[in-house]
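Asker: I am attaching a structure below and will ask some questions about it afterwards.
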Amino acid sequence: MLTGLQPSGPLMIGNYIGALKDWVGLQATHESLLMIADLHALTVPQNPEVLRRRSFEFVALFAACGIDIEKSAVFMQSHVSAHTQLLWVLNCMTPMGDLQRMTQFKDKAGRRAMDAQVGLFDYPVLMAADILLYGADLVPVGDDQRQHMEFTRRMARKFNSTYGQVFKIPATCTPRTGSRLMGLQDPATKMSKSDPNPDNYVALLDPPEVIRRKIRTAVTDSGSEVRSGASKPGISNLLALYAAVSGERTESIEARYAGKRYAEFKNHLAERVIDFLGPIQKRYRSIAGDRVLLGEILRHGADLARERSETTLARVYEAIGLVTGRQDDRR
């Protein structure tokens, strides 16, 4: 299993519920490689110090959320040079039209596509390289990455049909139904750690007073009935959050708050979220201050990732006719 997250913003509760929680479970059945996708984060401007600090923060939070660093390889994408080496090979096989049709690029570039950075345009090819390097059987991604996964599978088949069977065709795994949380201030859009408005999400490290304020000011709907439905996107989103942190069914939550007002529901929800994040924050504080430990985790992860990825890259180079430095190339 290979997956990853960009350190493009603070890890938030949506990342845990929609991704990290599943990763923890998959450790029991899959060899797990968990990548902090710092190269992908460069597709938008980053403050160097913030990027560096947040990358270490992600390592500590992965462990705090239940990733077993003895079982799973946690590594920085930039620590494994094979990612960018395979990127170039795949670039030389990728039609421009394929990338121009990518929905995420069109959404992010908007009407200024000609001014967009090449890295943003090329993002799907780097993602394909990330995945194909490791022969992953399973790649957990969000719905917004499904098109990129189909591109990856298509590129693998194209390479294999041209040069022989080198790449495994990966399977896509999307989060469980109901795990998608929307923005607190804009329930029409997915909650995102890269949102410029921090009030739109609950970060995993938000202190209790911040969580209470964010939940208290979260967008609701006209009326005062605590129930979900297409006409009530704001309260539906808060009910989904309540269900996610409590483990209760939405119907039972609605029944408990029948006849009660939004304010009471929000107050209780805030305390539920605080209680839910408390153990994660406590474990994080015990790990985050140990830079030696964090460095060891990354070195161990990078060693495992390099060993596997360089084997694949050597097969790729050999298949396409590049001199690899192996004994049988010295003719």
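The values are calculated or read from the model by the stated rules, or taken from the named source; none is laboratory data. This is a predicted model, so every value here is computed, not measured. No Cβ is skipped: glycine too gets one built from the backbone with ideal geometry, and neighbour counts run over all protein chains shown. Remember, those area values only see protein heavy atoms, side chains included, never the ligands or the DNA or RNA. Shrake-Rupley method; radii C 1.70, N 1.55, O 1.52, S 1.80 Å.
Asker: Show the residue pairs meeting these rules: Cβ distance below 8 Å; 6+ apart or different chains; first residue within segment 25-50 and without any contact (Cβ under 8 Å) to a residue 40 or more places away in the chain; second residue assigned to a loop (DSSP other than H, G, I, E, B) and not hydrophobic (A, V, I, L, M, F, W, C).
Answerer: Within 8 Å, the pairs are A41/Q6; A41/P7; A41/S8; Q46/S8.
Asker: Check I297, I287, I320 and return the single one that is of a type in the set (A, V, I, L, M), touching a helix residue (DSSP H, G or I) at 6+ places or on another chain (Cβ under 8 Å) and over 30 Å from A128 (Cα atoms).
Answerer: I287
Asker: Report whether or not T162 is touching a helix residue (DSSP H, G or I) at 6+ places or on another chain (Cβ under 7 Å), surrounded by fewer than 13 Cβ atoms within 10 Å (Cβ to Cβ) and at pLDDT 95 or above. If you could, list the steps in order and put the result at the bottom.
Answerer: Working: touching a helix residue (DSSP H, G or I) at 6+ places or on another chain (Cβ under 7 Å): no; surrounded by fewer than 13 Cβ atoms within 10 Å (Cβ to Cβ): yes; at pLDDT 95 or above: yes.
No: the conditions fail for T162.
Asker: Tell me, yes or no, whether segment 135-142 has at least one residue that is touching a residue at least 40 places away in the same chain (Cβ under 8 Å), open to solvent by 80 Å² or more (accessible area, probe 1.4 Å) and in contact with a strand residue (DSSP E or B) (Cβ under 9 Å, 6 or more places away or on another chain).
Answerer: yes
Asker: Scan segment 194-219 residue by residue and report those that are surrounded by fewer than 18 Cβ atoms within 10 Å (Cβ to Cβ), farther than 14 Å from V273 by Cα and of a type in the set (D, E).
Answerer: Hit for segment 194-219 is D199, nothing else.
Asker: Shifting gears a bit: Mind checking which residues of segment 119-144 are closer than 21 Å to E31 by Cβ and part of a helix (DSSP H, G or I)? Even if it seems obvious, please write down each step before you answer.
Answerer: Our first condition is that a residue be closer than 21 Å to E31 by Cβ; within segment 119-144, this holds for 127-141.
Residues satisfying the conditions are M127, A128, A129, D130, I131, L132.
Asker: In this structure, is D143 under 18 Å from the mean Cα position of the chain (by Cα), under 16 Å from M35 (Cα atoms) and at pLDDT below 95?
Answerer: On the way: under 18 Å from the mean Cα position of the chain (by Cα): yes; under 16 Å from M35 (Cα atoms): no; at pLDDT below 95: yes.
No, not satisfied.
Asker: Being open to solvent by 30 Å² or more (accessible area, probe 1.4 Å) and within 21 Å of D303 (Cβ to Cβ) is the filter here, so list the residues in segment 20-51 that pass it.
Answerer: Answer for segment 20-51, where residues must be open to solvent by 30 Å² or more (accessible area, probe 1.4 Å) and within 21 Å of D303 (Cβ to Cβ): H30, E31, L39.
Asker: What are the residues in segment 102-119 that are surrounded by 13 or more Cβ atoms within 10 Å (Cβ to Cβ), modelled with pLDDT of 70 or more and more than 20 Å from T189 (Cβ to Cβ), if any?
Answerer: A116, Q117, G119
Asker: Would you confirm whether any residue within segment 189-199 is of a type in the set (A, V, I, L, M, F, W, C), modelled with pLDDT of 95 or more, under 20 Å from G9 (Cα atoms) and not in a helix (DSSP H, G or I)?
Answerer: Within segment 189-199 (the criterion being of a type in the set (A, V, I, L, M, F, W, C), modelled with pLDDT of 95 or more, under 20 Å from G9 (Cα atoms) and not in a helix (DSSP H, G or I)), the answer is no, since none of the residues qualifies.
Asker: A follow-up question, please. Tell me, yes or no, whether segment 70-90 has at least one residue that is open to solvent by 10 Å² or more (accessible area, probe 1.4 Å) and farther than 30 Å from L294 by Cα.
Answerer: Yes, there is a match, as at least one residue in segment 70-90 is open to solvent by 10 Å² or more (accessible area, probe 1.4 Å) and farther than 30 Å from L294 by Cα.
Asker: Let me ask something else. Take segment 1-22 and flag every residue that is closer than 18 Å to V59 by Cβ, part of a helix (DSSP H, G or I) and not basic (K, R).
Answerer: N15, Y16, A19, L20, listed by residue number.
Asker: Let me ask another. Taking segment 220-239, which residues are open to solvent by less than 50 Å² (accessible area, probe 1.4 Å) and not small (G, A, S)?
Answerer: Answer for segment 220-239, where residues must be open to solvent by less than 50 Å² (accessible area, probe 1.4 Å) and not small (G, A, S): T220, D221, V226, K232, I235, N237, L238, L239.
Asker: When you scan segment 259-300, how many residues do you find that are surrounded by 16 or more Cβ atoms within 10 Å (Cβ to Cβ), touching a residue at least 40 places away in the same chain (Cβ under 8 Å) and of a type in the set (K, R)?
Answerer: Here the count works out to 2.
Asker: Quick check on my filter: what residues within segment 175-188 are touching a strand residue (DSSP E or B) at 6+ places or on another chain (Cβ under 9 Å) and either assigned to a loop (DSSP other than H, G, I, E, B) or not aliphatic (A, V, I, L, M) (or both)?
Answerer: Listed by number, the residues that qualify are P175, R180, L181, G183, A188.
Asker: I've got another one for you. Is there a residue in segment 71-86 that is in contact with a Ser or Thr (Cβ under 9 Å, 6 or more places away or on another chain), modelled with pLDDT under 95 and assigned to a loop (DSSP other than H, G, I, E, B)?
Answerer: Within segment 71-86, one or more residues are in contact with a Ser or Thr (Cβ under 9 Å, 6 or more places away or on another chain), modelled with pLDDT under 95 and assigned to a loop (DSSP other than H, G, I, E, B).
Asker: Now, a different point. Among residues belonging to segment 302-331 that are among the small types (G, A, S) and modelled with pLDDT of 95 or more, point out the one that is farthest from A37 (Cα to Cα).
Answerer: The extreme case among them is G321.
Asker: Return yes or no: is S8 in contact with a helix residue (DSSP H, G or I) (Cβ under 7 Å, 6 or more places away or on another chain), hydroxyl-bearing (S, T, Y), at negative phi and modelled with pLDDT of 95 or more?
Answerer: Spelling it out, it is not the case that S8 is in contact with a helix residue (DSSP H, G or I) (Cβ under 7 Å, 6 or more places away or on another chain), hydroxyl-bearing (S, T, Y), at negative phi and modelled with pLDDT of 95 or more.
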